[in-house]
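Undergrad: Structure in structure tokens, see below.
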Amino acid sequence: MFRKNWIFLLIVLISGILQVTILDSFKIFNIKPDLLLISVVLCSLLFRPRWAFIFSIFAGIFKDAFSANVFCMNTILFMLWCFIILKLTRQIDIDNNLMRIGLVFIIAIIHNIITGLIFIYSGNFIPLGIFLRSVSLDSLYTAVVLPLVIRIIRPVYPDIYL
């Protein structure tokens, strides 16, 4: 089990590197999927709380290091999403693929709204149409990429299926 933890840490690192480099080539309307947010959702579904929080903090710090937003905002939000998912999975069994995609979409849309509002609150102006397009398309794109990510990591983590 300990080896799988290090492998997932490597997956988070690779996701972060892909997020800031290669995914720029796959932008749609200047929007790309959030692989680090996907990794936070997956680690919250796959690992015990201690490791899920460690991975979430690592992903948040990585995203904050390459983001133009308020520093530590992603780290705090990723820990919050991890906590919410861990609490949610105790009450609802999220083993259905459609539920996972829906969960990623809902978390991504809330995450994007919060980060957009913080960006606006810090004195920046974003037209409403661009804000709504960005929030909805970014969340949808992130949710659509989830099955591909699951297929890639399934050989290492057979607990997750699609």
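The values are calculated or read from the model by the stated rules, or taken from the named source; none is laboratory data. None of the values given here were measured: they were computed from a predicted structure. Ideal geometry is used to build each Cβ from the backbone, glycine not excepted, and the neighbour counts take in all protein chains shown. The area values use the complete protein model at the heavy-atom level, side chains included, leaving out ligands, DNA and RNA. Shrake-Rupley method; radii C 1.70, N 1.55, O 1.52, S 1.80 Å.
Undergrad: Quick check on Phe78: is it open to solvent by 80 Å² or more (accessible area, probe 1.4 Å) and of a type outside the set (Ser, Thr, Tyr)?
TA: Numbers: open to solvent by 80 Å² or more (accessible area, probe 1.4 Å): no; of a type outside the set (Ser, Thr, Tyr): yes.
Judged against the criteria, Phe78 is not a match.
Undergrad: Tell me, which residue of the range 122-155 that is in a helix (DSSP H, G or I) and of a type in the set (S, T, N, Q) is farthest from Lys32 (Cα to Cα)?
TA: Here the answer is Ser136.
Undergrad: Could you list all residues from the range 116-140 that are of a type outside the set (A, V, I, L, M), touching a residue at least 24 places away in the same chain (Cβ under 8 Å) and surrounded by fewer than 19 Cβ atoms within 10 Å (Cβ to Cβ)? Before you say what the answer is, go through the steps one by one.
TA: The initial filter retains those residues of the range 116-140 that are of a type outside the set (A, V, I, L, M), namely 116, 119, 121-125, 127, 129, 131, 133-134, 136, 138-139.
Pick out the ones that are also touching a residue at least 24 places away in the same chain (Cβ under 8 Å) and you get 119, 122, 133-134, 136, 138-139.
Passing the criteria: Phe119, Ser122, Arg133, Ser134, Ser136.
Undergrad: Checking Asp95 against (1) over 16 Å from Ser139 (Cα atoms); (2) assigned to a helix (DSSP H, G or I), which test does it fail?
TA: Failing condition for Asp95: (2).
Undergrad: Exactly one condition in (1) touching a helix residue (DSSP H, G or I) at 6+ places or on another chain (Cβ under 8 Å); (2) more than 23 Å from Arg151 (Cα to Cα) is not met by Thr89; state its number.
TA: (2)
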